[in-house]
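One structure below.
The values are calculated or read from the model by the stated rules, or taken from the named source; none is laboratory data. Keep in mind that this is a model prediction, so the values were computed, not measured. Cβ placement follows ideal geometry from the backbone for every residue including glycine, while neighbour counts extend to all protein chains displayed.
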Amino acid sequence: MVKVITYGSYDKLHYGHIRLLERAKQLGDYLIVGVTSDDYDKSRGKINLEQPVIERIRRIRETGLADEIIVEEFEGQKIEDIQKYDVDIFAIGSDWRGKFDYLNEYCQVVYLERTEGISSSEIRAKENLVRMGFAGDVSQAEFAKYITESKFVNGLEITGVFDEAETHDHPNTALLSDIDHYHSFRELLDHCDAVYLAPHPENRYDMARTALENHKHVLCKSPIAMTGQNCRDLYALAKKNDLALMDAIKTGYSTAYNRLVLLAKGGKIGEVVSINAACTSLPEGKTKGDFRYQWNSIDAWGPIALLPVLQIFGTDYGKVDYIRKAYDSNPRIDRFTELRFSYPSSVASVTIGNGVKTEGSLVISGTKGYIYVPAPWWKTDYFEIRFEDAANNKRYFYQLDGEGIRNELVAFIKEIKDEHHYHFSRVDADVSVSISKIVEDYYQGNHVVLLS
C-alpha cells in the first residue's frame with residue numbers, strides 16, 4: 001500500500017483545495033490529510049482564518065477524499081507523522097516548491113500544481129473588504145502601528161486619514177505619504193465603511209457618535225468616552241444602527257494575556273485576592289515638557305492597566321481611591337496616578353504614569369500561587385505561574401505579532417461581518433463603560449488625593 005500525506009489549513013474549502021486533494025489521492029492508495037490547528041496557524045502568522053479546526057476537518061471529511069485526517073499542531077511535526085504513519089509520499093502545492101525538500105530524506109516529495117486564480121486569502125479579501133479610515137492625532141506613535149499592522153490583514157483597505165491635530169512635521173509623515181488626507185472628519189466618512197479613532201480623549205465621544213450616526217463601524221481608542229453614560233449611549237447607538245463598536249485595547253488581543261486571564265479565573269492559582277498592574281513611561285523627544293503632545297496618564301495608560309482588574313474581578317467594584325501627582329509646570333497633566341480598588345473579597349492596585357518610571361509588571365496573587373508577567377506586561381508573549389514549591393512552577397510562551405494590533409484588526413473585520421456584532425471583541429461593553437466611569441470619577445475629583 002502506498003501512503004500519501006498532505007497538509008493545509010483548508011479555510012473556506014474551495015475547488016482549488018479539492019483539486020489538490022484529488023491529485024494527491026491519485027499518487028497512492030491511502031491519503032492522510034493534516035489539518036493545521038488554530039493555535040499552530042496563529043503561531044505562523046495565519047490570523048485571518050474564519051473557520052475553527054473542527055469545522056475545517058468536517059469539510060475535509062465530507063469530500064470523501066481523505067482516508068484519515070490528523071491535526072498538525074507544531075513545527076517539525078511532519079517528520080514525526082511521516083515516520084509514525086509509514087508514509088511513502090509527501091504532497092504539497094507547488095507554491096511551496098523547494099520548501100520541503102528536506103523531507104526527501106524520509107519519503108518522496110511531490111509538488112502539485114495549484115489551481116490558478118483561486119486562493120482562500122483572495123476569497124476572504126473579496127468577501128470581507130472593509131474600507132477603513134483613520135482619524136485623530138496622527139503624530140501619536142500608536143497611530144503608526146495601526147497603519148503598519150493593517151497591511152497584514154486581508155480584506156482591509158485604508159482609504160484615508162483625517163489629522164485632528166493638523167501637524168505636518170510629526171514622525172509618521174513618511175508612513176502616511178501614500179494615503180489620502182481629508183480636511184474634515186465628515187469628508188473622511190464619505191470615503192469609508194469603518195473608522196479607527198485615536199483623537200484626543202475629549203473628542204472621542206463626539207467623533208464616535210458622528211461616525212455611528214453616519215452608519216460607519218467604529219474601532220475607538222480607549223477610553224471611548226469621558227463619562228460612563230456617554231460610553232453606554234454609544235453602545236446603544238451602535239446596536240440601534242446594527243453597527244460594530246469596539247474598544248481598541250490591543251493587550252486584550254494578545255494570546256498570552258488571554259491565556260493568563262483564563263487560568264486565573266479558572267482557579268489555577270486558587271482564589272484570586274490581589275492584582276497589581278503597572279504601566280508607566282517617560283516623555284521623549286519633542287514631547288518632553290511640551291504639554292500639547294501629552295495626555296493624562298489616566299487616558300494614556302489607564303485603560304490598559306485597568307483591563308486585567310475589570311476582566312478578572314469584574315466591574316462591580318466597591319470604590320476606587322486615586323492618588324495623583326501633577327507636573328508643577330502644568331497641574332492639569334499628571335506625572336503619576338495610583339488607583340486602589342476595594343472589592344468585597346479582593347483588592348487591586350493600578351500604577352500609571354507619564355512622568356514616573358517603575359517596573360511595568362503584572363502580578364496576580366491567589367491562595368495557591370501567583371501569576372507573574374514581566375515588563376512590559378501589556379506586550380507579553382510570556383508569563384509564569386509560581387507556587388510555594390518552585391518545582392511546580394510553569395512557564396507559558398505564545399507568539400505575539402504586532403503587539404496584538406494585528407489580531408485586533410482581524411477581530412474588528414469579523415465583528416463587522418457578524419450578525420450580532422459582539423462575538424469577536426475581547427473587551428466587553430460593560431468593561432468599556434467601567435473604564436469610562438473610572439476616568440469620569442477621576443476628573444470629577446471623586447476620592448482623589450493630590451500629592452504636593
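Anything in region 337-362 that is part of a strand (DSSP E or B), at pLDDT below 95 and either of a type in the set (Lys, Arg) or surrounded by fewer than 15 Cβ atoms within 10 Å (Cβ to Cβ) (or both)? List them, or say none. Once the filter is applied, which keeps residues that are part of a strand (DSSP E or B), at pLDDT below 95 and either of a type in the set (Lys, Arg) or surrounded by fewer than 15 Cβ atoms within 10 Å (Cβ to Cβ) (or both), region 337-362 yields only 342. Looking at 396, 422, 372, just one residue is more than 21 Å from residue 216 (Cα to Cα), surrounded by fewer than 20 Cβ atoms within 10 Å (Cβ to Cβ) and at pLDDT below 95, and that residue is 396. For region 104-126, the criterion of being under 33 Å from the mean Cα position of the chain (by Cα) and modelled with pLDDT of 90 or more is met by none of the residues. Are any of the residues in region 65-78 modelled with pLDDT under 90 and of a type in the set (A, V, I, L, M)? Checked against the condition, which is being modelled with pLDDT under 90 and of a type in the set (A, V, I, L, M), region 65-78 yields no hits at all. Per the listing 252, 267, the residue uniquely assigned to a loop (DSSP other than H, G, I, E, B) and not polar (S, T, N, Q) is 267. Out of curiosity, is residue 210 surrounded by fewer than 24 Cβ atoms within 10 Å (Cβ to Cβ), in contact with a helix residue (DSSP H, G or I) (Cβ under 7 Å, 6 or more places away or on another chain) and not in a loop (DSSP other than H, G, I, E, B)? Taking the combined requirement at face value, the residue satisfies it. Residues in region 225-264 that are in contact with a Ser or Thr (Cβ under 7 Å, 6 or more places away or on another chain), aliphatic (A, V, I, L, M) and under 30 Å from residue 382 (Cβ atoms): 246, 248, 249, 256.
Looking at region 134-171, which of its residues are at pLDDT 85 or above and outside any helix (DSSP H, G or I)? Across region 134-171, the qualifying residues are 134, 135, 136, 156, 157, 158, 159, 160, 161, 162, 163. Pairing residues of region 143-156 that are assigned by TED's automatic domain parsing to the domain that holds residue 197 and in contact (Cβ under 8 Å) with a residue 40 or more places away in the chain with residues that are surrounded by fewer than 17 Cβ atoms within 10 Å (Cβ to Cβ) and outside any helix (DSSP H, G or I), at Cβ distances under 7 Å and at least 6 apart in sequence or on separate chains, gives 155/129.
Filtering region 363-409 to residues that are hydroxyl-bearing (Ser, Thr, Tyr) and either assigned to a loop (DSSP other than H, G, I, E, B) or under 23 Å from residue 75 (Cβ atoms) (or both) leaves 367, 380, 382, 396, 398. Of all residues in region 214-227, those satisfying the criterion of being under 19 Å from residue 436 (Cβ atoms) and outside any loop (DSSP other than H, G, I, E, B) are 218, 219, 220, 221.
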